[in-house]
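Q: Sharing a structure, written as structure tokens. Questions coming.
The values are calculated or read from the model by the stated rules, or taken from the named source; none is laboratory data. All values derive from a computational prediction rather than experimental measurement. Every residue, glycine among them, receives a Cβ derived from its backbone with ideal geometry; neighbour counts consider all protein chains shown. Accessible surface areas use protein heavy atoms only, side chains included; no ligands, DNA or RNA. Shrake-Rupley method; radii C 1.70, N 1.55, O 1.52, S 1.80 Å.
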Amino acid sequence: MLNLLLGDPNVRKVKKYKPLVTEINLLEEDIEPLSDKDLIAKTAEFRQKLDKVSHSPAAEKELLAELLPEAFAVMREASKRVLGLRHFDVQMIGGMILHDGQIAEMKTGEGKTLVATLPSYLNALSGKGAHVVTVNDYLARRDAEWMGQVHRFLGLSVGLIQQGMSPEERRRNYNCDITYATNSELGFDYLRDNMAAVIEEVVQRPFNYAVIDEVDSILIDEARTPLIISGQVDRPSEKYMRASEVAALLQRSTNTDSEEEPDGDYEVDEKGRNVLLTDQGFINAEQLLGVSDLFDSNDPWAHYIFNAIKAKELFIKDVNYIVRGGEIVIVDEFTGRVMPGRRWSDGLHQAVESKEGVEIQPETQTLASITYQNFFLLYPKLSGMTGTAKTEELEFEKTYKLEVTVVPTNRVSRRRDQPDVVYKTEIGKWRAIAADCAELHAEGRPVLVGTTSVEKSEFLSQLLNEQGIPHNLLNAKPENVEREAEIVAQAGRRGAVTISTNMAGRGTDIILGGNADYMARLKLREYWMPQLVSFEEDGFGIAGVAGLEGGRPAAQGFGSPNGQKPRKTWKASSDIFPAELSTEAEKLLKAAVDLGVKTYGGNSLSELVAEDKIATAAEKAPTDDPVIQKLREAYQQVRKEYEAVTKQEQAEVVELGGLHVIGTERHESRRVDNQLRGRAGRQGDPGSTRFFLSLEDNLLRIFGGDRVAKLMNAFRVEEDMPIESGMLTRSLEGAQKKVETYYYDIRKQVFEYDEVMNNQRRAIYAERRRVLEGRELKEQVIQYGERTMDEIVDAHINVDLPSEEWDLEKLVNKVKQFVYLLEDLEAKQLEDLSPEAIKIFLHEQLRIAYDLKEAQIDQIQPGLMRQAERYFILQQIDTLWREHLQAMEALRESVGLRGYGQKDPLLEYKSEGYELFLEMMTAIRRNVIYSMFMFDPQPQARPQAEVV
Amino acid sequence: MVVSRGKTPNAQETFLQMAQASGLRGRILITVGLLILCRLGIFIPVPGIDRVAFSNDLQGNANLGGVIGFLDIFSGGGLSALGVFALGILPYINASIILQLLTAAVPALEDLQKNEGEAGRRKIAQLTRYVSLGWALLQSIVIAVWVTRYAVTPGPLFTIQTALALVAGSMFVMWISELITERGIGNGASLLIFLNIVATLPRSLQQTLELAQSGDRSTVGGIVILLIVFLATIVGIVFVQEGTRRIPVVSARRQVGNRVYSERSSYLPLRLNQGGVMPIIFASAILVLPFSLANFTSNEVVLRIANYLSPNGPTPWIYALFYLVLIVAFSYFYSSLILNPVDLAQNLKKMGSSIPGVRPGRATSQYVQGVLNRLTILGAVFLGLVAIIPTAVEGATRIRTFQGFGATSLLILVGVAIDTAKQVQTYVISQRYEGMVKD
């Protein structure tokens, strides 16, 4: 109603930018005739202006706003000259939204990458660095090479962070004006920087500005997963295996009604993703294990048993994880992609490993961690882009103080979202989906079916096979992942049926009629890869997934259960290519490959590097490499030939109505649904979407409540008859909203608690950084000493007692314990002094003793004292911080019970966490003082080694 | 308990940091501003009432004055002034109590509270608002009808107009209380009650001073004794309020990890006085019942019973005993309402935790029930003593200027003060972290 009254607030927000767009368009007339040199000179001019105000952030901000129209116009012109791409007006609006530190919602195919160039240019002008954050290495590199050309043309330096780079490379790239990187590289570099032993190891500069691509994925979906640097802990794995055996024998409770005493050994709480042993379950488990108490602190079993049951009931193969090469690999629920290297915490991963009978990997201990939430909040100015942010607007505003503005599309969307159809049973739903696929396939329209898990995608695939409908299957299974590019490339072709998990959501661009780019690239691979990839390389590494360059040693490949795999051929299935190549194109291809073999040597590249060459050739970044040039020429030719066919097919498909997207289940968030829907109707193409649902879907079952259960019985309809009912639609929406708020609340809570850790982390990292930079190290240590003295005095002197009763003897002993150089100190010297005077006296004594120590040490080697100071402080900070992290984690868990004492757990956590932190700081100071005075290197040995 | 100086900064430092913490400063200013607004509203008169006649009647009729006086304690003198905020936060507080009682009785509400997380709690908050609207309507109509005799132009229009003004005022106050909770410091509703109680303090003090100046030596002595008892009561109340039994708890997850750190902080706190101020309020309400009944019916038998049960009657000890028994009974009632040992045991299971030496599940709930029983009897007796002694001393010294500052008010004051102080403390803590970052 308010909307009707005041108009759409978004429209008003966008309107605000309109005058600026006009201004930019007017400026274009002045800028267009400039020569390249004059255009480039603009950057220097902007910089000069900014230099004058660099001392005041407020003035700088104002000036940036003032420079915006001209800078954007310059950027637009440069992009036109270098890339041949001119920013649309709506893209200008997007750029301004990003510059204002907001989130810009832009639909698929609207050119987010190009938009990001605008604010990154403007904000990099101050020389403090701007980061463009992407979700994976490939995108970071592509954007850095492609968009980076424009920035370089304008005289800015462009950096790129990739996995496996050395610290020097990283530092050099972070020092550039604009740096392209993935979120995880940025986060881990931050953590590593704060574990550095010397300042030279630090690679990042202070943060200034960041544009995050797919911002909802990072700040919301990933919000709950922290980045962790961990070390290994040795712990026996037999317990996991015993626990798995016991869990397999225990029975799940059958009555879920909470009123009655449950039977069986355990209950499963699907909503809370938890399992609860019943009283009988505890007894049975103890009997099976032959122990008397699962919680016996000398032989604790409870945790192992709980995890084993969770692994059994809540972690399902091909839904939550897949088994690949003898390892458990997590499948991300939002993207449907595998996440190699990521592990469930708290022994859960080990429990799943034990269940699947694969090798149990050692547990780890957290050395440093930070959540994406808190990491990105370190940036003074933050902005983001995505296709789906509006539904989570409230959360962005409350948690991150990021406003969301929807950027209007360049061309009007022609997508039709058809109303949901609901079936009573799941099987009825799947049949209807199969029938719908068959019909559309016959019509010739391409269809994309989105499923929620590997398991379900395979079920549907089987159903389609039975009906004889040709289709492609895309899920996290290795054999399918390998063909991802191939499948996506032809998903838009006439009559194509593609079944996919959420993998074909975010970032997948399905082009009607087929993607000639991809096809040409695949053709290139067919020729290029077998000739250039070295033989040892292709054990069973999967392109694009293998982590570090060099990959996995082949020996391990032979040991795998699959035995020796046949050599990869990189042959794509022949039906993907729309046309035979002309002989001319084939000649070009062969020539390029020959040149490659001549330059690099036959079969001498790693798979990743070879892949890289193709990617570069397919992009538009300028290059001097003759092989790439040759390859590019061939690529262009192949592409041209394919495009001739696909263009025609595109017209046919558009005529038929474009891509049809079928959703098979509502997801936990409307955003994921919208991502899937967004695959249809890109850039003004026609398209349609429809969701098929059933009353048995997980979402409704777990969150629908009693109402849906009653509905199930109320509808006495056939399985394969769709149900239409207003009440049903409302319950459906209600259930999804409920899930969203449920997870939102969890994230909010996590954020509130994490704020405490964040404060502490920043405080300790700041302290660490001061030490690392070596500013006034000696003063620092002496300050530690003085604080320690004060604490000793306070602990031993009760001001309320008369001075005769003070135990000065004990006090002096304590002081001597820390500072053995003060051996001559006598309690008598302190008599008749007030506590304040005692402190001052002790401070003086400490300073004298410290100078003495320094003189001693410096005799052995000048400057050694400073090194020792730094070493001891860093060592103490690192060790005690690590222990503190665990203490905080334990506290976090135990404050949950404080609610029973009518105390606010969060407040308790804050205040007790603070106490713990102060205790840690005290311990750091004491240990440093103690170690400094005990430091006694032997002159003959190499001092460096002695320090360690 | 020894508090080492390095950890807890002195008051001066704390105030300085409070002033520096920008977020906190804003919050305190908002809170103070809103509280002042609430006070002002009490003095905006409801239109159309002959004030002179009204206040004359109030002063003339001791009985009426007494009832209004009692209600004034919680509405900060709003009723006797008949301002638009006369109902104050009371309807909201009543609604909260009603919903708390209903949650224990109605399964659907219980489900909302326990299983729906934050969303469920929000729904309950919304329900509370509706109930307070209903309550405010009811109360305001009663008052409107009652004050019709002082109306300048009596009639249905006057009744509607007065009722509307009072309801709107009450809803406004409720909104302010939520604003304070959200944007300010502490819990808005508690702070408003706190404010209303404190608002009567100056007058009480003034009356006491006047009494001391005019009275003879024994009066002054009585006042001194009363003051001492008061201070002692406050100390006693802090004990009742903060007294907790800590039952150690082990967590399955921590057992596997490093155990050293968890032991100190991992416990289940059970409060000595679960019900807070509620047992006293219920007990007083019940004790007033025979009184009102006697007034209403003028029945001889009821009158006599009422006389026996009166603190000013011939047998004050019967009154005291009755009071104590009722407080104990309501303490049990409330503690069972607030803490359900079966749910607690279930929750411990969910967390994967257990009380050492006690089996999870039924054994745990039985164990907790046992501990609760013993705690509650101890807490209830103590609470009863704290409630009775000041009244008794007041009766003995015959100084009534502090009436209204009974245990109920003091319990509320202490509770709110402690909670609010804790919240302020956490803001100061964040400020200190900030200081460490900046060096």
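Q: In the range A:881-899, which residue that is farther than 20 Å from B:THR426 by Cβ and open to solvent by 30 Å² or more (accessible area, probe 1.4 Å) is farthest from the other protein chains (Cβ to nearest Cβ)?
A: A:ARG882
Q: Further question: Suppose the filter is away from chain A (no Cβ under 14 Å), part of a helix (DSSP H, G or I), loosely packed, with under 15 Cβ neighbours inside 10 Å and out of contact with any Phe, Trp or Tyr (no Cβ under 6 Å at 6 or more places or on another chain); does B:VAL328 pass it?
A: no
Q: Anything in the range A:767-777 that is surrounded by fewer than 17 Cβ atoms within 10 Å (Cβ to Cβ) and either closer than 14 Å to A:ARG892 by Cβ or at the interface with chain B (Cβ under 8 Å from one of its Cβ atoms) (or both)? List them, or say none.
A: A:ARG770
Q: List pairs: first residue in the range B:138-161 and surrounded by 14 or more Cβ atoms within 10 Å (Cβ to Cβ), second residue charged (D, E, K, R) anywhere in the structure, Cβ distance under 6 angstrom, at least six positions apart or on different chains.
A: These pairs meet every condition: B:TYR150/B:ASP50.
Q: Could you figure out which of (1) open to solvent by 20 Å² or more (accessible area, probe 1.4 Å); (2) without any contact (Cβ under 8 Å) to a residue 24 or more places away in the chain; (3) not small (Gly, Ala, Ser) isn't true of A:LEU825?
A: (1)
Q: Looking only at the range B:358-392, count every residue that is at the interface with another protein chain (Cβ under 8 Å from one of its Cβ atoms) and within 27 Å of B:LEU326 (Cα to Cα) and tell me the total.
A: Residues flagged as at the interface with another protein chain (Cβ under 8 Å from one of its Cβ atoms) and within 27 Å of B:LEU326 (Cα to Cα) within the range B:358-392 amount to 0.
Q: For residues in the range A:296-319 being crowded, with 17+ Cβ neighbours inside 10 Å and without any contact (Cβ under 8 Å) to a residue 24 or more places away in the chain, which is nearest to the chain's Cα centre (by Cα)?
A: Here the residue is A:ALA302.
Q: Being within 17 Å of the chain's Cα centre (by Cα) and either among the β-branched types (Val, Ile, Thr) or assigned by the TED database to the domain that holds B:SER354 (or both) narrows it down to one residue among B:ASN196, B:ASN273; which is it?
A: Exactly one residue qualifies, and that residue is B:ASN273.
Here is a yes/no grid of residues against (1) closer than 30 Å to A:ILE702 by Cβ; (2) part of a helix (DSSP H, G or I); (3) touching a Lys or Arg at 6+ places or on another chain (Cβ under 6 Å):
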residue: A:LYS613; (1), (2), (3): no, yes, no
residue: A:ARG632; (1), (2), (3): no, yes, no
residue: A:LYS640; (1), (2), (3): no, yes, no
residue: A:HIS660; (1), (2), (3): yes, no, yes
residue: A:ARG679; (1), (2), (3): yes, no, no
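Q: From the list A:LYS317, A:LYS310, pick out the single residue that is more than 14 Å from every other protein chain (Cβ to nearest Cβ), touching a strand residue (DSSP E or B) at 6+ places or on another chain (Cβ under 9 Å) and among the charged types (D, E, K, R).
A: Sole residue among the options that is more than 14 Å from every other protein chain (Cβ to nearest Cβ), touching a strand residue (DSSP E or B) at 6+ places or on another chain (Cβ under 9 Å) and among the charged types (D, E, K, R): A:LYS317.
Q: Please verify whether the range A:146-157 includes one or more residues that are free of Cβ contacts under 8 Å to residues at least 12 places away in the same chain and on the phi < 0 side of the Ramachandran plot.
A: Yes - at least one qualifying residue is present in the range A:146-157.
Q: Could you figure out which of (1) closer than 30 Å to A:GLN886 by Cα; (2) open to solvent by 10 Å² or more (accessible area, probe 1.4 Å) isn't true of B:ALA252?
A: That leaves (2) as the condition not met.
Q: Now for a separate question. Could you pull out the residue among A:LYS839, A:LYS828, A:LYS853 that is within 14 Å of chain B (Cβ to nearest Cβ) and either under 51 Å from the mean Cα position of the chain (by Cα) or of a type outside the set (A, V, I, L, M) (or both)?
A: A:LYS839
Q: Has the range B:238-252 got any residue that is part of a helix (DSSP H, G or I), more than 22 Å from the chain's Cα centre (by Cα) and within 14 Å of chain A (Cβ to nearest Cβ)?
A: Yes: the range B:238-252 contains one or more residues that are part of a helix (DSSP H, G or I), more than 22 Å from the chain's Cα centre (by Cα) and within 14 Å of chain A (Cβ to nearest Cβ).
Q: Any residue that is within 14 Å of another protein chain (Cβ to nearest Cβ), over 30 Å from A:GLU270 (Cα atoms), open to solvent by less than 60 Å² (accessible area, probe 1.4 Å) and under 28 Å from the mean Cα position of the chain (by Cα) - is there at least one of those in the range B:334-357?
A: yes
Q: Tell me the strands (runs of 3 or more DSSP E) entirely within the range A:396-506 that contain at least 3 residues that are open to solvent by 30 Å² or more (accessible area, probe 1.4 Å).
A: Correct list: A:414-417.
Q: Being away from chain A (no Cβ under 14 Å), touching a Gly at 6+ places or on another chain (Cβ under 9 Å), part of a helix (DSSP H, G or I) and touching a residue at least 60 places away in the same chain (Cβ under 8 Å) is true for just one of B:ILE281, B:ILE223, B:ILE234. Which residue is that?
A: Within the list B:ILE281, B:ILE223, B:ILE234, the selection yields B:ILE223.
Q: Of the residues A:GLN780, A:GLN845, which single one is within 14 Å of chain B (Cβ to nearest Cβ) and in a helix (DSSP H, G or I)?
A: Selected residue: A:GLN780, the only one of A:GLN780, A:GLN845 that is within 14 Å of chain B (Cβ to nearest Cβ) and in a helix (DSSP H, G or I).
Q: Now a separate question. Any residue in the range A:471-497 that's on the phi > 0 side of the Ramachandran plot: show its pairings with residues that are open to solvent by less than 40 Å² (accessible area, probe 1.4 Å) and outside any strand (DSSP E or B) at Cβ separation under 8 Å, as long as the two are six or more apart or on different chains.
A: A:GLY495/A:GLY444; A:GLY495/A:ARG445; A:GLY495/A:PRO446
Q: Let me ask something else. Cβ-Cβ below 8 Å, separation at least six or inter-chain, first residue in the range A:373-384 and under 13 Å from A:LEU227 (Cβ atoms), second of a type in the set (Val, Ile, Thr) and part of a strand (DSSP E or B): which pairs?
A: A:PHE376/A:ILE212
Q: If you scan the range A:17-35, which residues turn out to be touching a helix residue (DSSP H, G or I) at 6+ places or on another chain (Cβ under 9 Å) and open to solvent by 80 Å² or more (accessible area, probe 1.4 Å)?
A: A:LYS18, A:GLU23, A:LEU26, A:ASP30, A:GLU32
Q: Just need a number here: residues in the range B:157-190 that are aliphatic (A, V, I, L, M) and within 25 Å of B:GLY276 (Cβ to Cβ).
A: 7
Q: A further question follows. Given the condition among the hydroxyl-bearing types (Ser, Thr, Tyr), within 14 Å of another protein chain (Cβ to nearest Cβ) and either buried (at least 22 other Cβ atoms within 10 Å of the Cβ) or closer than 30 Å to A:VAL756 by Cβ (or both), answer yes or no: does some residue in the range A:862-872 qualify?
A: No, every residue in the range A:862-872 fails to be among the hydroxyl-bearing types (Ser, Thr, Tyr), within 14 Å of another protein chain (Cβ to nearest Cβ) and either buried (at least 22 other Cβ atoms within 10 Å of the Cβ) or closer than 30 Å to A:VAL756 by Cβ (or both).
Q: Which residue, of B:LEU34, B:LEU71, is modelled with pLDDT under 85 and assigned by the TED database to the domain that holds B:SER140?
A: B:LEU71
Q: Something else about it: Restricting attention to the range A:687-705, does a residue exist that is part of a helix (DSSP H, G or I), over 31 Å from the mean Cα position of the chain (by Cα) and at pLDDT below 85?
A: For the range A:687-705, residues part of a helix (DSSP H, G or I), over 31 Å from the mean Cα position of the chain (by Cα) and at pLDDT below 85: present.
Q: For B:PRO314, all conditions in the list (1) open to solvent by 40 Å² or more (accessible area, probe 1.4 Å); (2) assigned to a helix (DSSP H, G or I); (3) away from chain A (no Cβ under 14 Å) hold save one; what is the number of the exception?
A: Status for B:PRO314: all satisfied but (2).
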